[in-house]
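Undergrad: Take this structure, written in structure tokens, and hold onto it; I'll ask about it next.
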Amino acid sequence: MHKSVYRYDYRRSRDQETRSPVHHAAVIVGAGPVGLAAAIDLAQRGVSVVLLDDSDRIGEGSRGICWSKRTLEILDRLGVGERLVARGVTWKLGKVFCGDDLLFAFDLLPEEGHKMPAFINLQQFYLEKALIDRASEIAHIDLRWKNRLAGLERRNDGVRLTIETPDGPYRLDADWLIAADGARSTVRGLLGLGFSGVTFEDKFLIADVRMAADFPTERRFWFAPKFHAGQSALMHRQPDNVWRVDLQLGPDADPIAEQEPERVRARLAKVLAPHEFELEWVSVYTFNCRRLDRFVHGRVVFIGDAAHQVSPFGARGANSGIQDAENLAWKLAAVLEGEGGEALIGSYDTERMQAADENIGHSTRSTDFMSPHSPAERRLRDAVLALAPKAEFARRMVNSGRLSVPAVYDSPLSTPDETPFAGTARLGAPLPDAPVQRPDGTPGHLLENLRDGFELIWVKGGADDSDRWQRVPDGIRRTVIGEDLFDRVGILAQRLDATPGAAYLVRPDQHLCARWRRFDAGKVAAAHLRALGR
Amino acid sequence: MAKLVTASRFANPDAAYVALVEARRNLSDADAAALDTKLVLILANHIGDLDVLSEAIALASEPAGSPR
């Protein structure tokens, strides 16, 4: 079977030559999408990072394919967003069928004026390759392949690691260890931590096939299609004429037998007929909806699948992992620089556990709908499907996966609103994107014009505010709407409810943490300190 | 036929569905059927309108796939 593989060489590090362990501020275990995103984000903030991976290659199978708008906005800030969108397949429509009949369609981004699309589909290895290329441009990132974590000793103010390499073991000291080493996390094992949650018994066949077909660029989901009787099926388009097919097999399927190429081909032929196809990658999986009780354990912080797992329906796995990475990176950088209090790391726990619980909740509800646990639950589900063509309330209950949107943090870092704001911007949520024009007349978008730090967006035009700018607190960059950026079409004003004179404090992860109808230097300074956990 | 509301009325339809799922989780078929029958009676009385009830019965009695 064809596999797209990129190989990377093991290289001996100077850290392996010394007798006593070399000390680093931050070590990340796991160079998947989540670990790489964390490394690049930290490095862009001036933190030197050692990134360890036990393998020396990427790209065995497509794995994650759906990258959400928020993830693409993060990746854009990390310098790879545009090239990924150009490489990927952009989509925003989903269709849900029952049998052969269309039940309904949904549009995941019905409004204009966002730089990034609702979703792209792109094989995970292309995303990893782009992140590795980006990481290799940054001197602060030391990416070490074939470096396998074998031992972990927790200390008061850090950790001591033992790492196995082709040249034998060596040791490292780190102030902070970020565990981005996936669902079978070694770090989790070394700390003896377990998960709370549910394992589902249903087995699913996941297959990528290469095929010339002109099926629409949509997410298509079937309940009980004729080509796969009694079960559900999902199909997605990827670049390179590759298609993802996901077939429910039920709890009693034999995972070994179901991966035999002849058997897989026979199943897929029914789905894809009359198209000819080649198998690219096949796997049989079950899934879990579960998480660690806490993501922060002293100086060890878990991100991505190492911290929490969900079903793939909803694209909430890798996307939430990259959002974990972004949430942690600026906080850890602020703590290492002495600007942020250690409470900031606690806020990572608070905020990303909220997100994980939201993702697990959606994922569990989707699974309950797709895989009824008993005949009585199946009857209820089938009744909803039977009523769906006739009654809107039933269509709204049909659940083929609720697709990933960012969580809105109920956060100690947010300063509560003094006055109500309309629009789509929410405290504790990423700022909504909007079209803007730069002073030289070129068009752009709001989010791409924000930098890596705290940002105060101020809307020009309020009474006698012009000189107050001299008092914007240190550590905050200001962007004046009406000077630095222009809102020519009024979409920004609408989404932010931006009246003249209004001011918005935006965190380094582009989340809104405070806003006022009028700029007040003292209030901005207080909100800034609060958002830094001080 | 116009009094029965079939537009979605729950702010969170997924949560309403899960409430119904969880009510029958771990019940035998017979117990789940008895639960549903009691639910029908309770909700019918709550609606308290024979016209609405008749429309609901008609909708539920239509064979799957029949046009509407």
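Undergrad: Only one of A:GLY79, A:GLY151, A:GLY113 is open to solvent by less than 20 Å² (accessible area, probe 1.4 Å), in a loop (DSSP other than H, G, I, E, B) and among the small types (Gly, Ala, Ser); which? Talk me through it step by step, then tell me what you get.
TA: Values: A:GLY79 fails: open to solvent by less than 20 Å² (accessible area, probe 1.4 Å); A:GLY151 fails: in a loop (DSSP other than H, G, I, E, B).
Exactly one of A:GLY79, A:GLY151, A:GLY113 is open to solvent by less than 20 Å² (accessible area, probe 1.4 Å), in a loop (DSSP other than H, G, I, E, B) and among the small types (Gly, Ala, Ser), namely A:GLY113.
Undergrad: For the range A:217-249, which positions are part of a strand (DSSP E or B) and free of Cβ contacts under 8 Å to residues at least 60 places away in the same chain? Even if it seems obvious, please write down each step before you answer.
TA: So the first thing to find is which residues in the range A:217-249 are part of a strand (DSSP E or B), and the list is A:219-223, A:232-238, A:242-249.
Residues satisfying the conditions are A:ALA233, A:MET235, A:TRP243, A:VAL245, A:LEU247, A:LEU249.
Undergrad: Follow-up question, since we're still on this one. Against the definition (assigned to a loop (DSSP other than H, G, I, E, B), in contact (Cβ under 8 Å) with a residue 60 or more places away in the chain and surrounded by fewer than 21 Cβ atoms within 10 Å (Cβ to Cβ)), how does A:GLY197 come out, yes or no?
TA: On the way: assigned to a loop (DSSP other than H, G, I, E, B): no; in contact (Cβ under 8 Å) with a residue 60 or more places away in the chain: yes; surrounded by fewer than 21 Cβ atoms within 10 Å (Cβ to Cβ): yes.
So A:GLY197 does not fit the description; no.
Undergrad: Next up: Within the range B:40-68, how many residues turn out to be within 13 Å of chain A (Cβ to nearest Cβ), loosely packed, with under 13 Cβ neighbours inside 10 Å and in contact (Cβ under 8 Å) with a residue 12 or more places away in the chain?
TA: Total meeting the criteria: 1.
Undergrad: Right, another one. Residue check: is A:GLY35 open to solvent by 10 Å² or more (accessible area, probe 1.4 Å) and under 17 Å from the mean Cα position of the chain (by Cα)?
TA: Values: open to solvent by 10 Å² or more (accessible area, probe 1.4 Å): no; under 17 Å from the mean Cα position of the chain (by Cα): yes.
No; evaluated as a whole, the condition is false for this residue.
Undergrad: Looking at (1) surrounded by fewer than 19 Cβ atoms within 10 Å (Cβ to Cβ); (2) touching a residue at least 12 places away in the same chain (Cβ under 8 Å), can you tell me which one A:ASP214 breaks?
TA: (2)
Undergrad: Looking at A:ASP293, A:ASP252, A:ASP305, can you tell me which residue is free of Cβ contacts under 8 Å to residues at least 60 places away in the same chain and open to solvent by 50 Å² or more (accessible area, probe 1.4 Å)?
TA: Working: A:ASP293 fails: free of Cβ contacts under 8 Å to residues at least 60 places away in the same chain; A:ASP305 fails: free of Cβ contacts under 8 Å to residues at least 60 places away in the same chain.
From the options A:ASP293, A:ASP252, A:ASP305, the qualifying one is A:ASP252.
Undergrad: Right, another one. Would it be correct to say that A:ALA25 is small (Gly, Ala, Ser), closer than 30 Å to A:ASP208 by Cα and either at pLDDT 95 or above or assigned to a strand (DSSP E or B) (or both)?
TA: Values: small (Gly, Ala, Ser): yes; closer than 30 Å to A:ASP208 by Cα: no; either at pLDDT 95 or above or assigned to a strand (DSSP E or B) (or both): yes.
In short, no.
Undergrad: Moving to a separate point now. Among the residues in the range A:16-31, are any over 22 Å from the mean Cα position of the chain (by Cα), touching a residue at least 12 places away in the same chain (Cβ under 8 Å) and open to solvent by less than 30 Å² (accessible area, probe 1.4 Å)?
TA: Yes, some residue in the range A:16-31 is over 22 Å from the mean Cα position of the chain (by Cα), touching a residue at least 12 places away in the same chain (Cβ under 8 Å) and open to solvent by less than 30 Å² (accessible area, probe 1.4 Å).
Undergrad: Here is a check on your reading of the model: is A:ILE58 open to solvent by less than 20 Å² (accessible area, probe 1.4 Å) and under 30 Å from A:PRO432 (Cβ atoms)?
TA: Numbers: open to solvent by less than 20 Å² (accessible area, probe 1.4 Å): yes; under 30 Å from A:PRO432 (Cβ atoms): no.
No.
Undergrad: Now for a separate question. Residues that are closer than 30 Å to A:VAL296 by Cα and open to solvent by 10 Å² or more (accessible area, probe 1.4 Å): find the helices (runs of 4 or more DSSP H) completely inside the range A:339-416 holding 1 or more of those.
TA: Working: elements: A:343-370, A:375-387, A:392-397.
So the answer is A:343-370.
Undergrad: Give me the residue from the range A:417-428 that is touching a Lys or Arg at 6+ places or on another chain (Cβ under 9 Å) and open to solvent by 10 Å² or more (accessible area, probe 1.4 Å) and, out of that set, farthest from the other protein chains (Cβ to nearest Cβ).
TA: Within the range A:417-428, the subset touching a Lys or Arg at 6+ places or on another chain (Cβ under 9 Å) is A:417-419, A:421, A:423-425, A:427.
When the remaining residues are screened for being open to solvent by 10 Å² or more (accessible area, probe 1.4 Å), the result is A:417-419, A:421, A:423-424, A:427.
Numbers: A:ASP417: 22, A:GLU418: 27, A:THR419: 25, A:PHE421: 21, A:GLY423: 20, A:THR424: 18, A:LEU427: 21 Å.
That would be A:GLU418.
Undergrad: In the range B:1-38, how many residues are out of contact with any helix residue (DSSP H, G or I) (no Cβ under 6 Å at 6 or more places or on another chain) and more than 11 Å from chain A (Cβ to nearest Cβ)?
TA: Residues flagged as out of contact with any helix residue (DSSP H, G or I) (no Cβ under 6 Å at 6 or more places or on another chain) and more than 11 Å from chain A (Cβ to nearest Cβ) within the range B:1-38 amount to 3.
Undergrad: Right, next: Condition (residue is among the β-branched types (Val, Ile, Thr) and open to solvent by less than 10 Å² (accessible area, probe 1.4 Å)) applied to the range A:482-502: is it met by at least one residue? Quick ask: steps written out before the conclusion?
TA: Step one: of the range A:482-502, the residues among the β-branched types (Val, Ile, Thr) are A:489, A:491, A:499.
Applying the additional criterion that residues be open to solvent by less than 10 Å² (accessible area, probe 1.4 Å) yields none.
Within the range A:482-502, not a single residue is among the β-branched types (Val, Ile, Thr) and open to solvent by less than 10 Å² (accessible area, probe 1.4 Å).
Undergrad: Search the range A:59-75 for residues that are assigned to a loop (DSSP other than H, G, I, E, B) and pair each with any residue that is hydroxyl-bearing (Ser, Thr, Tyr) and surrounded by fewer than 24 Cβ atoms within 10 Å (Cβ to Cβ) when their beta-carbon atoms are under 7 Å apart and the residues are at least 6 apart or on different chains.
TA: Cβ pairs passing all conditions: A:GLY59/A:SER4; A:GLY59/A:TYR6; A:GLY61/A:SER283.
Undergrad: Anything in the range A:340-377 that is out of contact with any Asp or Glu (no Cβ under 9 Å at 6 or more places or on another chain), at pLDDT below 95 and among the charged types (D, E, K, R)? List them, or say none.
TA: If the condition is that a residue be out of contact with any Asp or Glu (no Cβ under 9 Å at 6 or more places or on another chain), at pLDDT below 95 and among the charged types (D, E, K, R), then A:GLU342 is the only one that fits.
Undergrad: Still on this model: For the range A:155-178, check the following and say yes or no: at least one residue is free of Cβ contacts under 8 Å to residues at least 12 places away in the same chain, under 26 Å from A:TRP281 (Cβ atoms) and open to solvent by 40 Å² or more (accessible area, probe 1.4 Å).
TA: No, that holds for no residue.
The values are calculated or read from the model by the stated rules, or taken from the named source; none is laboratory data. From a predicted model like this one, the values you see are computed outputs, not experimental measurements. When we count neighbours, we look across all protein chains shown, and the Cβ atoms used for this are built from the backbone with ideal geometry, even at glycine. The area values use the complete protein model at the heavy-atom level, side chains included, leaving out ligands, DNA and RNA. Shrake-Rupley method; radii C 1.70, N 1.55, O 1.52, S 1.80 Å.
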